[in-house]
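Only one structure is covered here, and it is reproduced in the block below.
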Amino acid sequence: MNIKENLEQLKQEIPDHVTLVAVSKTIPEADIRKAYDAGQRIFGENKAQELVRKYEILPNDIQWHMIGHLQSNKVKFIAPFVHLIHSVDSFKLLKTIEKEAIKNDRVIDCLLQVYIADEASKFGFTQDELEDMLERDEFNQLSHVRIKGLMGMASFTDDTEQVRSEFEHLARYFKSIQNKFFKNKPEFKEISMGMSGDYPLAIECGSTMVRIGTSIFGERNYND
Ligand SMILES: *Cc1c(COP(=O)(O)O)cnc(C)c1O
């Protein structure tokens, strides 16, 4: 795997308005540095401890994104530095992020993860849960979290038509939520969808942020 070449290739394929998050979970520091030396500054991790460990040893102009399921009791570890949390999937978690953001005297950018897949195992708000939360006064009073958009993960399947319909669904849903709840919030503009297997499709369907690991770093080795 030539990480630099992979990144250059991706940069040609991904339009300028789409942010590339290099997913570095399980990837050793040396390989992350290769991506960094090739100019990549945005990296995504799915475990709080791993995120903290890498934040501490890698250059401090990296923007670290949390993309995986986050437990409330882990928020405090990443709150001082995390750049964007893609995976907010409950009001409880959002309130914890608010609390930790206040302690750190900063505003934490978040995406709301919406359940779009046809699989019982994926995390995310259902549409009812999401709208329920957005209507609450308690939500509108949050001052240290900034909601920048939505995130979704399509089903793990070879059926491109199904994946396309899930991405289109998320893009449509984004527009309706934007109209209904974020009219005066220009920062609500991101749709995080698309991974190595489906990012071209996601971009076609309106993604503004793709989360790509394997196509940059190669297959992950979970055994070490
Ligand atoms: C691992 C992961 C990715 C990247 O997956 P690849 O197929 O390696 O590109 C994207 N998003 C989330 C939430 C992930 O956990």
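The values are calculated or read from the model by the stated rules, or taken from the named source; none is laboratory data. Computed from a predicted structure; not experimentally measured. Quick reminder, even Gly has a Cβ in these numbers, built from the backbone with ideal geometry, and neighbours come from all protein chains shown. Protein only, heavy atoms only, side chains kept; ligands, DNA and RNA dropped before computing areas. Shrake-Rupley method; radii C 1.70, N 1.55, O 1.52, S 1.80 Å.
On full extension, the segment bounded by Asp105 and Lys11 gains 30.3 nm, given 0.36 nm per residue less the C-alpha separation.
Using +1 at the Cβ of each Lys and Arg and -1 at the Cβ of each Asp and Glu in the stretch 1-137, identify which of Val107, Ala22, Val52 lies farthest towards the dipole's positive end. Of the candidates, Val52 comes out farthest on the positive side. A Förster distance of 35 Å, applied to the separation of the beta-carbon atoms of Thr26 and Lys185, puts the FRET efficiency at 0.50. Tell me the relative contact order for the chain as a rounded percent, counting alpha carbon contacts under 8 Å between residues six or more apart. Relative contact order, the chain: 20 percent. Helices in the chain, meaning DSSP H runs of at least 4 residues, each add -39500 (n - 2.57). Divided by all residues, the mean residue ellipticity at 222 nm is -11500 deg cm²/dmol.
For the peptides 98-104, 171-177, the ranking by mean Cβ contacts within 10 Å, running from highest to lowest, is 98-104, 171-177. Each peptide among 203-210, 66-73, 139-146, 157-164 gets the average number of other Cβ atoms lying within 10 Å of its residues, and from highest to lowest they stand as 203-210, 66-73, 139-146, 157-164. Overall, the chain carries a charge dipole of about 820 debye about its Cα centre when +1 sits on the Cβ of Lys and Arg and -1 on the Cβ of Asp and Glu, all other atoms neutral. Averaged over its residues, the chain has an accessible area of 50 Å² per residue, based on protein heavy atoms and a 1.4 Å probe.
Peptides 123-136, 184-197 ranked from most to least packed by the mean count of surrounding Cβ atoms within 10 Å: 184-197, 123-136.
Dipole magnitude for the stretch 1-101: computed about the Cα centre from +1 point charges on Lys and Arg Cβ and -1 point charges on Asp and Glu Cβ, it is near 440 debye. For the stretch 97-206, a simple Cβ point-charge model (Lys and Arg +1, Asp and Glu -1, everything else neutral) yields a dipole of about 620 debye relative to the Cα centre.
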